[in-house]
Amino acid sequence: MANSRNILARSLFWLIAVLTALLALAAAGAQESAGASAAAQPPVAYASVSELNGILTQLQQTAQSIQSDLAKTRIEKWKTDGSTKRQTLADVESIQRNLESALPEMIAQLKSSPEDLGASFKLYRNLVVLYDYFRSVAEAAGAFGSKDEYQSLSNDMNGLESARRTIGERMQKTDRQQRRRVDAFAGASEKAVSGATSASTKDCGG
């Protein structure tokens, strides 16, 4: 009977010790998270927003230039067959729909969440598709259109490529920064677990 009481007492003691360790871990984690958020995140967020605003401003200017130059392009006067003209006109319509609807929406989403990798990737993927369509139109202009048309569209294509590359580089940098934060938090949590376990062991008389 006495042995049963001792076993029950030890079990309760260890259960309390484990619960104490878990509570200590949770408290330490919350404190570390709050400290890291207060100390580290605002400067990073500010730098991220400042950098992003510059990138998106350039992208918006390029988009406006593309729309203006496409409106001036006289595909119907190109020296080529009707099939090529129709295909190019269809590509231009797709580009214009993207610039008027999809692209502004994606830019707004990223502006509202500057460090959202999902929003960044969505915009980047759209720029990849947009660039492919626009390059086809620019190359057709070089082959069948006027010199001025090709020159204008070529400049726009370079601007679009620059925006795509910059968004991709920023996305990679943001991913690295977020991984470092996760690693730092994981290290702090591991220390908290180790400390809580050590304290519990000492309380148990071990």
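The values are calculated or read from the model by the stated rules, or taken from the named source; none is laboratory data. The structure displayed is predicted, hence computed values, not measured ones. Positions of Cβ are backbone-derived with ideal geometry, glycine not excepted, and every protein chain shown enters the neighbour counts.
Brief remarks on what is shown
- Hey, SER136 touching a helix residue (DSSP H, G or I) at 6+ places or on another chain (Cβ under 7 Å), surrounded by 19 or more Cβ atoms within 10 Å (Cβ to Cβ) and under 13 Å from LEU70 (Cβ atoms) or not: no
- Residue identified as of a type in the set (A, V, I, L, M), at pLDDT below 85, within 22 Å of the chain's Cα centre (by Cα) and part of a helix (DSSP H, G or I) among VAL193, VAL128, VAL182: VAL182
- Among the residues of the range 118-169, those that are aromatic (Phe, Trp, Tyr) and either without any contact (Cβ under 8 Å) to a residue 60 or more places away in the chain or within 19 Å of SER101 (Cα to Cα) (or both) comprise PHE121, TYR124, TYR131, TYR133, PHE134, TYR150.
- Complete set of residues in the range 152-176 that are surrounded by fewer than 14 Cβ atoms within 10 Å (Cβ to Cβ) and more than 21 Å from the chain's Cα centre (by Cα): ASN158
- Among the candidates THR84, THR62, THR88, THR80, the residue that is farther than 18 Å from GLN178 by Cβ, modelled with pLDDT of 95 or more and not in a helix (DSSP H, G or I) is uniquely THR80.
- Residues in the range 94-115 that are in a loop (DSSP other than H, G, I, E, B) and not small (Gly, Ala, Ser): 2 in all.
- Counting the residues of the range 69-106 that are buried (at least 18 other Cβ atoms within 10 Å of the Cβ) and more than 34 Å from the chain's Cα centre (by Cα) gives 3.
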